[in-house]
1. Yes or no: A70 surrounded by 17 or more Cβ atoms within 10 Å (Cβ to Cβ), within 19 Å of the chain's Cα centre (by Cα) and more than 25 Å from L153 (Cβ to Cβ)?
2. Using the structure shown, decide if L90 is under 18 Å from L155 (Cβ atoms), of a type outside the set (K, R) and either at pLDDT 85 or above or not in a loop (DSSP other than H, G, I, E, B) (or both).
3. Looking at the stretch 40-62, which of its residues are surrounded by 22 or more Cβ atoms within 10 Å (Cβ to Cβ) and closer than 18 Å to I93 by Cα?
4. Please identify the pairs in which a residue from the stretch 105-134 that is within 15 Å of K65 (Cα to Cα) has its Cβ atom under 7 Å from the Cβ atom of a residue that is in a helix (DSSP H, G or I) and polar (S, T, N, Q), counting only partners at least 6 apart or on another chain.
5. Of all residues in the stretch 36-73, which are part of a helix (DSSP H, G or I), over 30 Å from L143 (Cβ atoms) and hydrophobic (A, V, I, L, M, F, W, C)?
6. Name the residue, out of L118, L148, that is under 17 Å from F27 (Cα atoms) and at pLDDT below 85.
7. Take V102 and decide whether it is crowded, with 20+ Cβ neighbours inside 10 Å and either of a type in the set (D, E, K, R) or closer than 27 Å to P147 by Cα (or both).
8. What are the residue pairs meeting all of these: first residue in the stretch 187-207, first residue surrounded by 10 or more Cβ atoms within 10 Å (Cβ to Cβ) and assigned to a helix (DSSP H, G or I), second residue at pLDDT 70 or above and of a type in the set (S, T, N, Q), Cβ atoms under 7 Å, and 6 or more apart or on different chains?
Amino acid sequence: MRKSVSQFFFNTHNPLFTLMCVGLLLFSSSRLSFGIVIAVALVWVYVLTALSIFAARPLLPYEGKIIVVAFLSAFIMAIFLFVIWFISPLLTIELVYVILLVPVSFLGRFPLEKMEPLNISETVFETASEACVTGSIIIALSLIREPLGFMTLSLPGGAQGFIELFNASDKTDFFPIRTLATISGALLLLGYITALFHAIMKPSKRRV
């Protein structure tokens, strides 16, 4: 049975509470340009890896399936890195270590026993929805962290790896909240979002 969009945001399996995604949330949400690239990488790796597993299901060995899946996911991630290298080499260098976490996140979110009963449409829907939700959370965090932490907003591209839509760091007396640009600030922000999540979940649980 397909889940609604609200169920993906508000359920006990929300990627916000999955340890595998914490590294992605923290390191990729410092700038909007980084968040967009990682969101695309999530959709690319999740969907293509799941479809490859579905197509190769009869050929997968009984023992060591997880190793084959790990190599397959890493290969699909390498193709993504190869593609964005031609678009922006500098951006690729800046994000390569974060993109390496995407296959790890996939393996944590989609164990083989969860994927085996799915047909092809369910496989695409489940993986694409999960990737979009995680990517949306990353982009939402970056829309808070970059403007308040750096007083800028950026998109992927350009010689520096990103194009700044605006830069108000030297044109305002407002002191940017530099803490939000750091990992500790991201953890604080994540804590506030987690508290908000529980505040939303409690009334819904009472109604059920």
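1. no
2. On the way: under 18 Å from L155 (Cβ atoms): yes; of a type outside the set (K, R): yes; either at pLDDT 85 or above or not in a loop (DSSP other than H, G, I, E, B) (or both): yes.
Spelling it out, L90 is indeed under 18 Å from L155 (Cβ atoms), of a type outside the set (K, R) and either at pLDDT 85 or above or not in a loop (DSSP other than H, G, I, E, B) (or both).
3. Selection gives A41, L42.
4. F106/T49; F106/S73; L107/S73; F110/T127; M115/T123
5. Taking the stretch 36-73 first, the residues part of a helix (DSSP H, G or I) are 36-55, 57-59, 65-73.
Now narrow it down to the ones that are over 30 Å from L143 (Cβ atoms): 51-55, 57-59, 65-72.
The answer is L51, I53, F54, A55, L59, I66, I67, V68, V69, A70, F71, L72.
6. L148
7. For V102, the condition - crowded, with 20+ Cβ neighbours inside 10 Å and either of a type in the set (D, E, K, R) or closer than 27 Å to P147 by Cα (or both) - is met.
8. Correct list of pairs: empty, since none qualify.
The values are calculated or read from the model by the stated rules, or taken from the named source; none is laboratory data. Note that the structure is predicted; figures quoted are calculated from it, not measured. For neighbour counting, all protein chains shown are included, and Cβ atoms are generated from backbone atoms with ideal geometry for every residue, glycine included.
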